[in-house]
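Notes follow once the structure below has been shown.
No value in this document is a laboratory result; all are computed from the given coordinates. From a predicted model like this one, the values you see are computed outputs, not experimental measurements. In this analysis, Cβ positions are derived from the backbone assuming ideal geometry, glycine residues included, and neighbour counts consider all displayed protein chains.
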Amino acid sequence: MAKNRSHGKIDRLPPELRKAVEDRLLEGHTYQEIAEYLNSMGQNISYRSVGRYGKPFLQKFENVRMAKEYAKMLAEDNAERPTTELHEANNALVSQMVMEALISDDISSMDKLKAAKDIATLQRAQVANERLKIDSRKASGAIHSALKMLKEQVFDEIGNNYPDIAKAISKIADDIENQSNKN
């Protein structure tokens, strides 16, 4: 099955006139205003035709804008942020885009099947991401336990005779633990 393509009046306009329509849509002109502009240019096009063209055009533009904004936000985000959260956010964005493609009338059945397979791939990536987060939590717990034991042993062994040294070692252990919690 071939991909559905739009064959409306605006799609058949000369490229420079279609670009002018798109520019006006992005500037926020109403469909009626754009239809009046096109009629003044010698084109007999109703505001309904402009609407049939404008609605999917603006939706595609908004999707691209959102994806760019989201990517920019992730790129500018805290470098200390765990990569698992970035992967999770990326998967959510791509999942949304794939779901929009699945419900769209503008793509073929074969493309919808490919999009469904892409969702399965994203789900596998998300499962792997969750495993990584669980392993990270386990490792963090192990670090916490080891540092707690170290502090207890330091105080048991040298705390009574050298309290300043014990406090300094305990502070180092606390700093290491705080650093591991940030990552």
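Between Thr30 and Glu157, full extension at 0.36 nm per residue minus the direct alpha carbon distance yields a gain of 37.8 nm.
Legend: ranking of residues Val98, Val21 from fewest to most surrounding C-beta atoms inside 10 Å; resulting order Val98, Val21. Inverting the pair-averaged 1/r between distinct Cα atoms of the range 7-58 gives 10.5 Å as its Kirkwood hydrodynamic radius.
Taking R0 as 25 Å, what's the FRET efficiency between Tyr47 and Ala20 from their Cβ-Cβ distance, rounded to 0.05? The pair Tyr47/Ala20 has a calculated efficiency of 0.95.
Applying 1/(1 + (r/R0)^6) with r as the Cβ-Cβ distance of Ala116 and Asp11 and R0 = 22 angstrom yields a FRET efficiency of 0.20.
Note on Ile134 and Ser109: the model spin-label points, each 7 Å out from Cα along the C-beta direction, lie 3.9 nm apart.
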